[in-house]
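Notes follow once the structure below has been shown.
The values are calculated or read from the model by the stated rules, or taken from the named source; none is laboratory data. The shown structure was predicted, so the numbers you read here are calculated from the model rather than taken from an experiment. Cβ placement follows ideal geometry from the backbone for every residue including glycine, while neighbour counts extend to all protein chains displayed.
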Amino acid sequence: MGNVEPILRLDSLADRLLLVLGGGSTAGTPAGSRPEGRAFEAAIGETWREFFELHRPWIELRRVHVPEDRRAVAIEVTNPSLDAQMYLPIEALPSSNSYPEVAGRFPASWLQRRFQVSELLETHLGDRIFEFAPPTSQDSRLYWGTNYPSLYAGKTTNFDFTIALARRGVLVEKLLFEYKYAKSSGEVSVDGNAHERLSFQVLEYLEIAPRYTNCSLNVITSDAFVQYRNKYHPSFHQQAIRLGDAFRAFTMRIASCRSDYLAMFGMLSNFLRSGHDLPRDYRRP
């Protein structure tokens, strides 16, 4: 398919992130719910489209029907010379209507990014879940004793994006993505309680990862986390190291600045062009 290496021109991502930094604080409004947070997520979405367009000489793009749900459609990005595939949600490439359609050859779980809390709890704990239940109706009017599962019924843990990598129809790695936006009104410290929620999601991911042959959590943050004083950036990395050392199934990668973005997308490019597995830490392949 040619010998010229694709150039990942991801400078535009860094430029977009710089444009969406800043803005005043709004009481009671998390940073990710503000227009700038939504613009940050949209910027990453644009970068996915740019990423695949850059690889057009090497790949084929197809719409595939999810085998377990014929109403669901996903995108298959394949390098025929390597028999290597990426699968991603259809909404990642809104202009995909022109792509050819083929039957899917992968389980729907490869693209799952919403997980029932009840399933995560009960798969691990079984009946032990009742050890935590308030023992009497005086302790909790609605959720005591055997009513306890109603406390979390219908609750889900959701991730922002997912990609599945496969080779010859076998899962190589499922990547879950979280996008975390932050800002600094005074251009000194990151505002407010920026994204303690990520720490909870990290622990939920710990329950999800063993379900797959290889499943990673990949966090893309705005560069406010390295431009302004905060406790989150080093703590995110500490969690990644400590839990990665303790649990074989745990892989967490974090991208927070231009060099990180280039390295993260570079490792995905390397899979598409060469078929190489992704490193546990994309900065030290």
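Observations
- Checking 249, 240 one by one, the residue that is outside any helix (DSSP H, G or I), of a type in the set (A, V, I, L, M) and over 26 Å from residue 46 (Cα atoms) is 249 and no other.
- Taken together, the criteria exclude residue 175 from residues that are surrounded by 19 or more Cβ atoms within 10 Å (Cβ to Cβ) and within 19 Å of residue 117 (Cβ to Cβ).
- Checked against (1) touching a helix residue (DSSP H, G or I) at 6+ places or on another chain (Cβ under 6 Å); (2) aliphatic (A, V, I, L, M); (3) closer than 30 Å to residue 72 by Cα; (4) outside any helix (DSSP H, G or I), residue 202 meets all criteria but (4).
- Residue in region 141-155 that is within 24 Å of the chain's Cα centre (by Cα) and surrounded by 15 or more Cβ atoms within 10 Å (Cβ to Cβ) present: yes
- Of all the listed residues (172, 102), the sole one being aliphatic (A, V, I, L, M), more than 19 Å from residue 203 (Cα to Cα) and at pLDDT below 95 is 102.
- Note on region 260-281: residues that are more than 18 Å from the chain's Cα centre (by Cα), in contact (Cβ under 8 Å) with a residue 40 or more places away in the chain and outside any loop (DSSP other than H, G, I, E, B) total 3.
Residue by residue, here is whether (1) in contact with a Cys (Cβ under 9 Å, 6 or more places away or on another chain); (2) closer than 22 Å to residue 197 by Cα; (3) aromatic (Phe, Trp, Tyr) holds:
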residue	(1), (2), (3)
124	no, yes, no
130	no, no, yes
133	no, no, no
137	no, no, no
144	no, no, yes
149	no, no, no
160	no, yes, no
164	no, no, no
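- Check on residue 187, on the phi > 0 side of the Ramachandran plot and either of a type in the set (D, E, K, R) or exposed (fewer than 15 other Cβ atoms within 10 Å of the Cβ) (or both): yes
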